[in-house]
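Here's the structure, in structure tokens; my notes come after.
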Amino acid sequence: MKKNHLLILLFIVILLFIITHPGISTKAAFDGLLLWYQKLLPALLPLAILSNILVYSNYMQLITKYLYPLTRHLFKTSRNGCFALLGGILFGFPMGSKISGDLTVKHSITREEGELLAICFNQLSPVFFSGYLLTSILNLPELIPVSFLLLYLPPCIYARSKLRKRPFSNTKNAASIPHLDFGMIDAGIMNGFEALTKLGGYIILFSIFASMLHTYNRHYPLVNLLLTGCVEVTTGISYLKDTHLPLGFTYPLALFFASFGGLCGFAQTCSMTKECGFSHRRYLILRLIFAIISGLLGFICYRLFGSILCA
């Protein structure tokens, strides 16, 4: 009940800001919509459509047949769970949570396994992380290999420890016969558009909220940077390019933003998995812990080996 009151209060504050600052809020909404249209929609919509079709037609079994013998030695997931693991790593956020949620709703994996996979393998996509964050923003392409290690190491260790204690067995419908028709294709397309439209709505709302922070706090830019990155990760990362802070500070901060995913990312994940019964509190706490560990590792790594790695 208290959570609902906080959400209502937040929406009222955003509404009042839109009414009192129409120019700023319109610009923020435009920037958020542009980000969604130019960057996220072309990259994520095809993946969303294809993953829907693969999951609901059971043709993902063609992938898990060859993937499962490889992944079961590292992560003791179920056979279908390895598809969510692969999708989360390759497709990136928020597709990792969506695939885990779809498999859970379809009863292809258990709720416990789906929740664990959604928490640990729902990071920013490798292309976005390496191309946009490390290359375009920080100009540190030489740190791409070690940065992937620092980003994925905390959630991978956690997932491996949990799966080793309680490996998940294959569900009863894991061997369903693959079947594909135009009805499934149409449903996959519409489901993909619905998910990405919700994603755009959340980005617009949180972009307005981030602009509100900058409007009322002009004297503490560092606070704005931290709050913006924690609210909306893409906007926070973009602000790193204009800051005059040293790389020894911005690099671990970028790892923290990327690992946490922002409150906007948390809201998107909640939307993607709303029918699954996942613990949103557990997701938020664990992602914050992963982000702190990645940020600290990035700080230590850059202080000790930055001159060598960037040479």
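The values are calculated or read from the model by the stated rules, or taken from the named source; none is laboratory data. Remember, it's a predicted structure, so these values are computed and weren't measured experimentally. All Cβ positions, even for glycine, are placed from backbone atoms using ideal geometry, and neighbour counts span all protein chains on display.
Numbers at a glance
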{"item": "Members of the range 81-98 found to be outside any helix (DSSP H, G or I) and small (Gly, Ala, Ser), listed by number", "result": "Gly92"}
{"item": "Sole residue being buried (at least 23 other Cβ atoms within 10 Å of the Cβ), hydrophobic (A, V, I, L, M, F, W, C) and out of contact with any His (no Cβ under 9 Å at 6 or more places or on another chain), chosen from Val233, Val223", "result": "Val233"}
{"item": "Flag for Thr104 being within 21 Å of Gly229 (Cβ to Cβ), among the β-branched types (Val, Ile, Thr) and modelled with pLDDT of 85 or more", "result": "no"}
{"item": "The range 6-40, subset within 21 Å of the chain's Cα centre (by Cα) and of a type in the set (Phe, Trp, Tyr), residue modelled with the highest pLDDT", "result": "Tyr37"}
{"item": "Residues located in the range 145-174, provided they are within 21 Å of Cys82 (Cβ to Cβ), hydroxyl-bearing (Ser, Thr, Tyr) and at pLDDT 85 or above", "result": "Tyr152, Tyr158, Ser161"}
{"item": "Helices (runs of 4 or more DSSP H) enclosed by the range 193-278 - at least 3 residues per element that are more than 19 Å from Thr135 (Cβ to Cβ), touching a residue at least 40 places away in the same chain (Cβ under 8 Å) and not charged (D, E, K, R)", "result": "262-272"}
{"item": "Scope the range 103-117; condition out of contact with any Cys (no Cβ under 9 Å at 6 or more places or on another chain) and either closer than 23 Å to Arg281 by Cβ or surrounded by fewer than 24 Cβ atoms within 10 Å (Cβ to Cβ) (or both); matching residues", "result": "Leu103, Lys106, His107, Ile109, Thr110, Glu112, Glu113, Leu116, Leu117"}
{"item": "Residue that is under 18 Å from Leu33 (Cα atoms) and surrounded by fewer than 20 Cβ atoms within 10 Å (Cβ to Cβ), where the choices are Gly201, Gly265, Gly248", "result": "Gly201"}
{"item": "In the range 122-135, the residues that are among the hydroxyl-bearing types (Ser, Thr, Tyr) and in contact (Cβ under 8 Å) with a residue 12 or more places away in the chain", "result": "Ser125, Ser130, Tyr132"}
{"item": "Residue match in the range 37-59 (condition: out of contact with any Gly (no Cβ under 9 Å at 6 or more places or on another chain) and under 25 Å from His107 (Cβ atoms))", "result": "yes"}
{"item": "Lone qualifier among Glu142, Glu115 - being farther than 17 Å from Gln268 by Cβ and in contact (Cβ under 8 Å) with a residue 60 or more places away in the chain", "result": "Glu142"}
{"item": "Where a residue in the range 285-296 is within 9 Å of Pro154 (Cβ to Cβ) and its partner, wherever it lies, is surrounded by 15 or more Cβ atoms within 10 Å (Cβ to Cβ) and basic (Lys, Arg), with Cβ under 9 Å and at least six apart", "result": "none"}
{"item": "Flag if Ser279 is surrounded by fewer than 21 Cβ atoms within 10 Å (Cβ to Cβ) and within 21 Å of Phe209 (Cα to Cα)", "result": "no"}
{"item": "Among the candidates Glu142, Glu194, residue that is at pLDDT 85 or above and acidic (Asp, Glu)", "result": "Glu142"}
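Here is a yes/no grid of residues against (1) in a helix (DSSP H, G or I); (2) of a type in the set (Asp, Glu); (3) on the phi > 0 side of the Ramachandran plot:
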{"site": "Asp31", "(1), (2), (3)": "yes, yes, no"}
{"site": "Leu34", "(1), (2), (3)": "yes, no, no"}
{"site": "Tyr56", "(1), (2), (3)": "yes, no, no"}
{"site": "Tyr59", "(1), (2), (3)": "no, no, no"}
{"site": "Thr64", "(1), (2), (3)": "yes, no, no"}
{"site": "Arg79", "(1), (2), (3)": "no, no, no"}
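Yes/no per residue for (1) of a type in the set (S, T, N, Q); (2) crowded, with 16+ Cβ neighbours inside 10 Å; (3) at pLDDT 80 or above:
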site	(1), (2), (3)
Pro42	no, no, yes
Tyr59	no, no, no
Thr77	yes, yes, yes
Gly87	no, yes, yes
Lys98	no, yes, yes
